[in-house]
Structure formats: C-alpha cells, structure tokens
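Structure, as structure tokens:
What follows is calculated from the coordinates using simple rules that are stated; it is not laboratory data. Because the structure is predicted, anything quoted here is derived from the model rather than measured. Neighbour counts run over all protein chains shown; Cβ positions are idealised from the backbone, glycine included.
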Amino acid sequence: MLQKKICMLGGFSVGKTSLVRRFVQSIFSETYLTTVGVKIDKKSVALPDKTVDLILWDLAGEDDIGSFRVSHVRGATGLVLVVDGTRAATLAAALTLRERVEAEFGAMPFVLLFNKSDLADRWVIPDSEIDELRQLGWQIYLTSALTGEHVDDAFRQLASMVAK
Amino acid sequence: METLRQLLVSREISELSRVTHLLDEPEQLAAAVGGVLPSAAARAPHAQLGEALAPAVERAVQRSIQKSPRTLTDILYPVFLPAIRKSIGERIDQTFQSLNETLRHIFTWHGLKWRFESWRTGASFSEVVLKHSLVYRIEHAFLINRNSGLLIAHVTADNATSEDPQLISSMLSAIQDFVKDSFNEKEQSSLDTIRFGDLRLWSEVGPFATLVSVIRGNPPEELHEIIRDVLLRIHEESSEALEQFEGDSSQLAGVEAQLQTCVELKQEESNQGFPWLVVTAALLLSILAGGWFFLSWQSAQRWQAYVSRWQAYVSRLEAHPGIIVAEQQVRDGQFYIAGLRDPLAADPQSLLSGTQVDPAQVHSQWQFYQSLEPEFVLKRLTASLAPPDSVRLSIDNDRIVAEGEAPDTWIDRARAAAQQLSVGGPVFDISRVRDVSPEVLEAERWQAYVSRLGTQPGIIVAEQKIHDGQFYIAGLRDPLGADPQSLLSGTQVDPARVHSQWQFYQSLEPEFVLKRLTASLYPPDTVRLSIVNDRIVAEGEAPDTWIDRARAAARQLSAGGPEFDISKVRDVSPEARAAEHWQYYVSRLEAQSGIIVAQQTARGGHFYISGLRDPLAADPQALLSGTEVDPARVHSQWQFYQSLDPKFVVKRLTASLTPPKSVQLSIIQGRIVVVGEAPAAWINRAQAAAEQLSADGVVLDVSQLRELNLAELNHLREAIQTTDIFFSSGKVVPGPEQTPVLDRLADQIKEFAQSARKSGVTARFMLTGHSDTTGRETANASISAARAETVRALLNKRGVAPELLLVRGAGTFEPAVPENSQTGSSTNRRVSVTVNLD
C-alpha cells in the first residue's frame, strides 16, 4: 500500500472542493473546511505497476496568503494548484501559494489545473500564457468540475509523478 | 641517471616530500584533515559513522557531565521538562482517579468484597477497586507518521468498526495542527486526549510516529504508560524505517504485531451470578418480622384508642362547671374516677353516653358540694329571690347583675342576698335595679313627654315645670307642626294635669319651609321638593312661568331661611319657546315689505323657511338678531324678485334714473309722485319709466315735473360755444392777445357749471383743437390735440375744475371756414368749446 500526502492549493472559490467532490472518497463534510480549515479526501489511482492512494488535503481557499496555514503542508509529496480560469487573479494566488510552500518545504511535484473550463465565454486566461507555463515543463490541465473533464488525467499524472 | 631522474620525476619528488612533510607534521596534518572532516563525515554512511563515533561521543558526554553537569542539563532541559511535567500530571490524575473510585465503592457490597480481596492478595484497596471498576477496551490503534500524517499501521479490535483509517489518521494530524495553530501552542507537546462521550482518543507522540488509541470505557491512567511502552518498542525496532517512511507501509509490517498487543488491552466487567439464596433468606426473615411487628402494633393501637377516649371523657368532665375531678386512673383495663359535683351540675354518668367508653368499666365516686361558680350562684339566687318579671338577672364578667325595675321591698331582699354572697362568691350587683315608686314614675313620664316635644320640629319648649302634681309647659309652635296635645297620647301623662301655653310662629326649619312652599307655589306633579342637607331642593320639570315664581320665592326666602335650590328644575318649555321665537321671527319677516314668506315649518328642532325677497329689502338673516332663534337651526331658501311695493319702486327708480337734486320722488296714497324741475331729457326718461311701470300697475305720476328753466343758461351756453381761442401757425400756445378771451371763457364756464349743478345737472365742456391744412396730417392731428390740452391747462389755471373739461383733437377735419379762403388758415387754427349736459 503506497500513500502520498497531496495538498490542494488555490485562491478563494476556485472550485477545489467541487473538483474533487465527485472523484474522490470522502467521509468528512465540507464544514471541516470552515472549522478545522482542512478537509481530507482520498483518491486511489491505479498505475500500471501499483496503486497509489493520494491523501488529498483540501486546504480552505485563502486569497489572503498571510493567513494560509502552511503547517498543513508539512510532509506533503505533491501539490494540486487550482486556478479559476474566469478570474485572472487566482493564477497569481496559486503561484504565490506554491512559492510559499516551496520556500518552506522545498520543491515538490505539482499539477496546475485551470478550472471552470466549461465557462468558455467568461474565460480570461489567454492560451499564450498557458503555453508559456507549459514551456517551463509544467503539467497543466484545463478541468471542469461540472463535466469532469481532465480531472482524472490530472490526478493520474500527479500520482505517477509522486510515486517515482 | 641522477640527472635523468631529476629530469623525469623531480616534480613528483618535491610533491612527495611536501606530502611526507605534511604527514610528519601533526599540526599541518590536523589542519589538512580538519579542512575535509565535515564533508568526509557527511559522505560517510550514517550507520557506520554513528557506530564509529558512538563510544567517543558517549565518553565525551560522560566527561562533560563529570566536569560540569550543568551544561548538559541546560541542553536537555527543553526536552525533559515537558516529559517530566506530563509524567507528574498523569501521576496526579492517577491519584485522583483511585481516590474517586475508592470513595465510590467504600460502602458498597463490592467494597466489602474488594476489601477481602485486598487483604487476601496484599494489594492496596484502591488498586483492587481500580482493577474492578475501570472497564475499558482499546478498539483501534493508529500508528501515524508525524511528518505527513499518513497512516503507517492500523489495528482494530474484534467487532470494532471505523471509517477509512487513512483519512482518519490524516484528519487526526490535521486536528493536531489546527489546535496547535489556533492556540498558538509553540511547545513540542501535542493533543494527547480527545474525549467524546464514552470514547477517548489517547495519543502518544514518539520521535517519528504518533500512536493514537481509541478507547471505549473508563481506562486507568496507567494505560498511558503501557501504550507509551508499545510506542517505544516500535521505535526501537523500526526506527530507521519510521524515519524514512514515505507512504509505503510495506516496510513496516512488523509494527502491526506490536499494535495488536495494544488492542488486546481491556478490562471487562466481571459477571457474577445473582445471590438467589441470600435474597430468599433475607426475604423470608423480613416477612416474619414484619408480621409480628404488625400484630403487636395493631393491638397497641386499639388499646391506645380506648385510653384516649377515656381521657377525652375526663377532660370533658373537667371542663364542665360544677364538676371537679379529684382523681382518675386506669388500672387493669378498668377506669376509676372520683371528685365533687354540684347538684345543679350535669350528671357525670349521662355525660358518658357518646364517648364510646363502656360504662361498666367506669367506677365513679362523686360527692356533692355547692359550687360558687357564677352560673350556679345565679341558679340558686333565681330560686331563692324569685325576682319580678321586670328584673332580669345575668352574668357579666363573673359578676351577677340584676337589671330592671322592682319595688323597694324586693330590692331590700336582693341587697341582703348580695351581702350574704359577698364572702367568697361572685359579686351580686343590684345597682341597676330601679326603684319604681309612683311619683318617680310620673316625673319620668313627664320628662319623656317634654323631651319628645323638644325633638319635634316646629315646636320650641321655652319653659316647663312640675308643681303640686300639675305639669306646666310653655313655648312656640308652628301651625304646621305636630299638635302637642295629641303627642300626649301614649305617654301615660294625665292630660288633665297638663297646662300648656303655645304661641304660633313660622318656623324656618327646612321641613316647615318646605310645607309652606308646597302650599304657596303649587308645584306641578313633575316637580318634587325635598330637603337635602338643610337645603330645600326642587327637582323635575316645570314650565318657565312656574320656575319664575319659584325663583321669586327663593329670593324672598334667602333672608334667614333655608336655601331654596331650584337649579335642578328643568325648563320644559324650550321647544315651545323656540317655536314661539320662530313664529315671532316669521311674523317679523312677513311684516317686512319686499319679503314674501311662501312656506315655513318647524321640524325636529330645525326651522325651514322659503319665499321671495326683493334685493333691496331687509336681509332675513340680519332680522334673526334679537329673536333668540338659533341661526344655525334656520334653513332659508330665498328667491329674488322685484317688489312692486311703491317703496321699492322708488328705490329702483332712484338707482336707475338718478334724478337731479331739483326733483323729488314721494309716495302718496300708493302712487309715486315726481315733483320738481328737471332737464327735458330727464323728464323724457322719467316718462318712459312711468309708461313701463303702468303695465305692472304701479302709478308713476310725472305730471308735476316742470322743465328746468335754462334760458339764462342757454344764453351763457351760446356765449361759451361761440368762443374760439386762436393760434399762430404751428403754435400750440395761444398768443397774449388771447388772454382776455381765455379769462372771459373761464368765468363763463365756471358760472355755467355752477348754475347747472344747482339744477341737478352736470355740465361738461368739450375742448376741440383744430389745425390748418398746412403740413402733414399726422402733425396736424397732434397739433390740434396739443392745442386743446393747452387750453384745458390754461382754463384749469383760471379755476375751472379739470374733470369738467374734455379734450379732443379734430385735426383738419372740422374747419370753421373753407381753407382756401383768405382768412381760412388763421380762422381754422383754433380751439372750440361745446357744452354737454348730463
């Protein structure tokens, strides 16, 4: 049994919780997010040679980086950065959160999700910007919590990255 | 060769000698090794390096402690302090727990049993108590990685269930973080207990892993130590694997066996058989004892009731007057009683009935005596004195009191009895018995009669006396008062011996005044007269005439007599009076000329009137004043009409014809006669009016009108109208040669105006300016007007009232002579005057 602690980071209301709601095992209600500040879910990903249990720490969305509880990330082996594709500011927030985490615990694998891809008419992140980030070798997925598009792909990718 | 060698390896030789030198010189060697030691240590395999260094480090620490223990203590202080604190805390908890449990069980059946066990095994009592009372079971044990919160191992007891242990373990460490962050807890301690009802989560923190036990029940504090030991063992065995744990738990399979020992820990409730035998025996014993108690209690109750009845009887006897209980006792189920009794007192035997005491069981011994209690004395006195019917004997505060009337013989006997009694007995008071000898009686009766008269209203007793068995009385009496003679009846005073002398007077006492008022005013049935606080009050309803009379009477009374208040008599005539007032108003209207009342009614306190009125007639509304009719209740509907009453016709004629002052209109025998002098034009208008009026049947006689004599005036008029004021060409001011003309003209105008005014006619003078034809017509028009204005100003200056002067400019349109004649232009440049009479 291989388990990995994964932290899901992203600005306020980017859809982290909705993103995992339909694709993970969960026993805790969403009120944990507002009370304890974290909600734990599990996503089992079957890789060709083994199965990895991703223990997902869904941290309460914080636009205010200062109040982000970095201690929750201790011991994590990967990150899921979630950005709301209809709000440009959430990309900056996600990147800042990642920098914050790396400064504290060192570099770790991550996937970057541009969520709400179903809202094409309100999409504000230019493709060029996404391409630039891809050039850096980043794993980027346009996801939709609504349709489930690319969500599984993203978790599979991350699982293979952390299981190495 | 040497040279060759020098050539070939000289560099190596020097290098070698440098190294040899380095190795030989300890200082230099130390410097060189020191340079590479940290990186060498870092590169060396940790395990080997640790092993190699361990003895040296141990010795170094040992030396350090020997030299100065303080240094190491300071280093370890932050590590030890929390551990020591925790350990002390747990020890205190243990003590409290054992104390609580000991107290709880000290007096129970278990307690006794456990004391025995403690004595038998040699363990302390509290230990035994804890052993039995703390029932618990470890249901789960989680071994959690401290760093990532990932689950290393999880063991569950039989029948225990939980949600996904992986999620739980992460959440538990998240909660640890949460508590630590929320309360800013910097110390290396951790959340060690979570309690939820029956369930406890105990967490023991090791260097790399946390052991969380989920315990159901009431665990002893020592369990902490046991769990800690398990964690310690796990760390000892797999320290390296734990440190390097990265989510792959397959490396740590052996851990589960250790956790299993944890989960097997439990203390179960001992289940003992119910002690049936003991309970049955106890039950039997209590039934027997209960039966015996019940029976003896019942008979005691019965006897108790009997005795208490006897006691009630005795106290009843004691309460009876004339009975003295000297002795009483209960012996062998029999009752004995002895004492004194008055023969007049109740029979003790008869008192037994109704007490439910069996008379056969009662043995009485009574001796007679004379009781001095007042009621017995009273009985004896009644028997011996035989008081007459007019005397009543009674007991008042333990005294015997005789009241009433009695002959003096009886009083003497009573007094003797009272003297006899005085020794020891109650007082016999005969002072209230009146001696009834005949003179006294008669005088008393007379006094009663006199006081009766004194209380009679309208009777004033001035003098009274008794002389030689005759009664004399004198005073005043109101004829309306009671007859003193008739009051004698029933007083038992002999009328033949009464000599009265009464003089009549008018009493001012309210009731007499009332009577007199009633006689004189004849109040109607609707009025009630009564006396209230010495005032005579009339209430009810009466017509105002009666009220007026009553008011007059009240005024008369006011001097010295009682007040006569008639304010509460309601005047019943307002409606009638209002109707009267209305009728008066209507008749007043009807008497008015120019007002014709067509219809009028009074209904529901409102008055309705309609008819015709001449606008020149008096205003019906104004006529209301002084009639006492409420204007608000009057609803009028008037239509205007022209009255043919000569007075109105005259008014209208005066208004429409404006007769000159020399004319007078008067009404003679219904005909309107116009007398005087007037201009012919006015006479013509008057005649036209007379013709119109004759159609309506009104006679307007204008035959006596004479035409105003205007001969002199006509002459003057002619003179004025032939006067012209001439102007030089282009001038609007007349030359100085015109001044006498203007003077004369002004005088003539003034004279004419005055004469005309005298005749009641207003004369007006039209000044018309003219111009010659020279020049433009518009200029001529304005010149002509300006000339007229100038003349007006000049005449005004000479005393002619400006309102009599009218001006107009005729331009060239009204030439006096044809313009082409020789003098045409100069003759035409003028202002002419015409006279108008209104």
Bridge orientation stat for the stretch B:510-571 from DSSP, antiparallel percent rounded to 5, came to 50 percent
Checked against the positive end of the charge dipole of chain B (+1 on Cβ of Lys and Arg, -1 on Cβ of Asp and Glu, about the Cα centre), the farthest of B:Thr778, B:Gly290, B:Thr723 is B:Thr723
For the stretch B:574-640, Rg(Cα) over 2.2 N^0.38 Å is 1.02
Looks like chain B, by Cα gyration tensor root eigenvalues a ≥ b ≥ c and the a/c under 1.5 rounded cutoff (else prolate when a/b is bigger than b/c, oblate otherwise), is oblate
With +1 on the Cβ of every Lys and Arg and -1 on the Cβ of every Asp and Glu, the dipole magnitude of the protein assembly as shown about its Cα centre, in debye rounded to the nearest 20, is 2740 debye
Yeah, the stretch B:1-40 with a ≥ b ≥ c from its alpha-carbon gyration tensor (a/c under 1.5 is rounded, else prolate when a/b outruns b/c, oblate otherwise) is prolate
Any GluC sites (Glu not before Pro) in the stretch B:492-585 that lie in a DSSP loop and have at most 10 other Cβ atoms within 10 Å would be none
The ratio Rg/Rh over the Cα atoms of the stretch B:1-92, Rh being the Kirkwood inverse mean 1/r radius, stands at 1.35
Quick calc: nm separation of the 7 Å Cα→Cβ label points for B:Ser299 and B:Ala816 -> 17.8 nm
For the stretch B:482-595, the Debye formula with one identical point scatterer on each Cα and no solvent gives log10 I(q)/I(0) at q = 0.16, 0.20, 0.24 Å⁻¹ as -0.83, -1.01, -1.25
Across 10 Å bins beginning at 0, the whole-percent shares of Cα-Cα pair distances in the stretch B:304-351 come to 24, 56, 18, 1
quick note, the stretch B:374-435, DSSP beta bridge pairs, % antiparallel (nearest 5) is 50 percent
Dipole check, the protein assembly as shown, charges on Cβ (K,R +1; D,E -1), about Cα centroid: among B:Ala257, A:Leu112, B:Gly560 the Cα furthest to the positive pole belongs to B:Gly560
Rh (Kirkwood, all Cα-Cα pairs) for the protein assembly as shown, Å, reads 52.3 Å
Shape call for the stretch B:733-838, from the Cα gyration tensor axes a ≥ b ≥ c (a/c under 1.5 means rounded, otherwise prolate when a/b beats b/c, else oblate), comes out prolate
Listing A:Thr17, B:Thr526 by rising number of other beta-carbon atoms within 10 angstrom, fewest first, gives B:Thr526, A:Thr17
Any chymotrypsin sites (Phe, Trp or Tyr not before Pro) in the stretch B:345-454 that lie in a DSSP loop and have at most 16 other Cβ atoms within 10 Å would be B:Tyr369
The size of the Cβ-based charge dipole (Lys, Arg +1; Asp, Glu -1) of the stretch B:134-267 about the Cα centre, to the nearest 20 debye, is 360 debye
On the formula 1/(1 + (r/R0)^6), with r taken between the Cβ atoms of A:Arg21 and B:Gln66 and R0 of 41 Å, the FRET efficiency rounded to 0.05 is 0.05
Under the 7 Å Cα-to-Cβ spin-label approximation, B:Glu563 and B:Asp229 lie apart by a distance in nanometres of 11.4 nm
Chain A, Gaussian network, Cα under 10 Å: of A:Leu47, A:Leu91, A:Leu79, the residue fluctuating most is A:Leu47
Taking a crude spin-label model, label points 7 Å out from Cα along the C-beta direction, the B:Gln704 to B:Leu351 distance in nm is 13.7 nm
If the label point sits 7 Å along Cα→Cβ of B:Asp619, residues of the stretch B:577-598 with amide N under 11 Å come out as none
The extension gain from B:Arg535 to B:Ser656, computed as 0.36 nm times the residue separation minus the Cα-Cα distance, is 36.4 nm
Binned at 5 Å from zero, the C-alpha pair distances of the stretch B:437-522 give percents of 3, 14, 25, 21, 14, 10, 6, 4, 2, 1, 0
Along the dipole axis of the protein assembly as shown (charges at Cβ: +1 for Lys and Arg, -1 for Asp and Glu; origin at the Cα centre), the most positive-end residue among B:Ile411, A:His72, A:Ser13 is B:Ile411
With -39,500 (n - 2.57) per DSSP H segment of 4 or more residues and division by the full residue count of chain A, the 222 nm estimate, nearest 500 deg cm²/dmol, is -8500 deg cm²/dmol
Counted neighbours (other Cβ, 10 Å), sorted fewest up, put B:Met171, B:Met766 in the order B:Met766, B:Met171
Subtracting the Cα-Cα distance of B:Glu691 and B:Arg392 from 0.36 nm times their residue separation yields 95.4 nm
With +1 at each Lys and Arg Cβ and -1 at each Asp and Glu Cβ, the charge dipole magnitude of chain B around its Cα centre, to the nearest 20 debye, comes out at 3620 debye
Of the listed pairs B:Lys86/B:Lys113; B:Lys651/B:Lys797; A:Lys42/B:Lys86; A:Lys4/B:Lys180; A:Lys164/B:Lys86, those with alpha carbons more than 32 Å apart are B:Lys86/B:Lys113; B:Lys651/B:Lys797; A:Lys42/B:Lys86; A:Lys164/B:Lys86
1/(1 + (r/R0)^6) with r = Cβ-Cβ of A:Leu133 and B:Ala42, R0 = 30 Å, i.e. FRET efficiency to nearest 0.05, evaluates to 0.25
Taking Cα pairs closer than 8 Å and at least 6 residues apart, the relative contact order of chain B in percent is 4 percent
Contour minus Cα-Cα span, B:Glu590 to B:Arg120, at 0.36 nm per residue, comes to 155.1 nm
Here the FRET efficiency for B:Gln485 versus B:Ser431, based on Cβ atoms and R0 = 41 Å and rounded to 0.05, is 0.60
A correct fewest-to-most ranking of B:Asp619, A:Asp121 by other Cβ atoms within 10 Å would be A:Asp121, B:Asp619
